[in-house]
1. Take the residues of segment 106-118 that are touching a Phe, Trp or Tyr at 6+ places or on another chain (Cβ under 9 Å) and surrounded by 14 or more Cβ atoms within 10 Å (Cβ to Cβ): which is farthest from Gln140 (Cα to Cα)?
2. Do any residues in segment 126-141 that are under 14 Å from Tyr98 (Cβ atoms) have Cβ atoms under 7 Å from those of residues that are of a type in the set (A, V, I, L, M) and surrounded by 14 or more Cβ atoms within 10 Å (Cβ to Cβ), where the two are at least six apart or on different chains, and which pairs are they?
3. Could you pull out the residue among Val45, Val62 that is modelled with pLDDT under 75 and touching a helix residue (DSSP H, G or I) at 6+ places or on another chain (Cβ under 6 Å)?
4. Have a look at Asn100, Asn94 and point out the one that is part of a loop (DSSP other than H, G, I, E, B), among the polar types (S, T, N, Q) and in contact (Cβ under 8 Å) with a residue 12 or more places away in the chain.
5. Please work out which residue is nearest to Val150 (Cα to Cα), limiting yourself to segment 84-101 and to residues that are crowded, with 17+ Cβ neighbours inside 10 Å and of a type outside the set (Ser, Thr, Tyr).
Amino acid sequence: MDFKDIKELIKIFDASTLNRLSITQDTTKIKLEKGAGRESAPTLVAQTTSAPTQATQSLPQVAPVASALAPAAPSGDTINSPMVGTFYRCPSPNAPAYVNVGDKVKKGQTLGIIEAMKIMNEIEAEFDCKIVEIIPNDAQPVEYNSPLFVVERL
């Protein structure tokens, strides 16, 4: 099972009403869980065993379903994530957000933070702009080059 298959599986699982899913295929075991008392994003635990195990069920082709569930690409200029990590809108849980929708920001102003490997990386405005939309929720995982903000250049 390659990374794209796992990624599509996570997207479909997150959009479903299932709370748990466990799949074993060849030497790979994947467990996904979500539910009360946890973040809304699924948790992924991948484990490779030394001895091959019998796959209980082959994975269905998920590409057509995933494309129907994929969100539309944001329109306008975007500021994208420079890395994989967890996006935070505030410097600490009780502090106000760096920016809100409608705010006008200057080049170099901090817009948010991405935590990667316990290091907080500030995301700065690449140009003077107005915040039109903030795409990820606070404490949501983001991928490399995924859009964080939809902006209007000033």
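1. Gln109
2. Pairs found: Cys129/Val105; Cys129/Val151; Ile131/Val99; Ile131/Val105; Ile131/Val151; Pro136/Val142; Pro136/Leu148.
3. Details: Val45 fails: touching a helix residue (DSSP H, G or I) at 6+ places or on another chain (Cβ under 6 Å).
None of the others qualify; the one that does is Val62.
4. On the way: Asn94 fails: in contact (Cβ under 8 Å) with a residue 12 or more places away in the chain.
Asn100 is the lone residue from the list that is part of a loop (DSSP other than H, G, I, E, B), among the polar types (S, T, N, Q) and in contact (Cβ under 8 Å) with a residue 12 or more places away in the chain.
5. Among them, the one singled out is Val99.
The values are calculated or read from the model by the stated rules, or taken from the named source; none is laboratory data. Values in this document were obtained by computation on a predicted structure and should not be read as measured data. In this analysis, Cβ positions are derived from the backbone assuming ideal geometry, glycine residues included, and neighbour counts consider all displayed protein chains.
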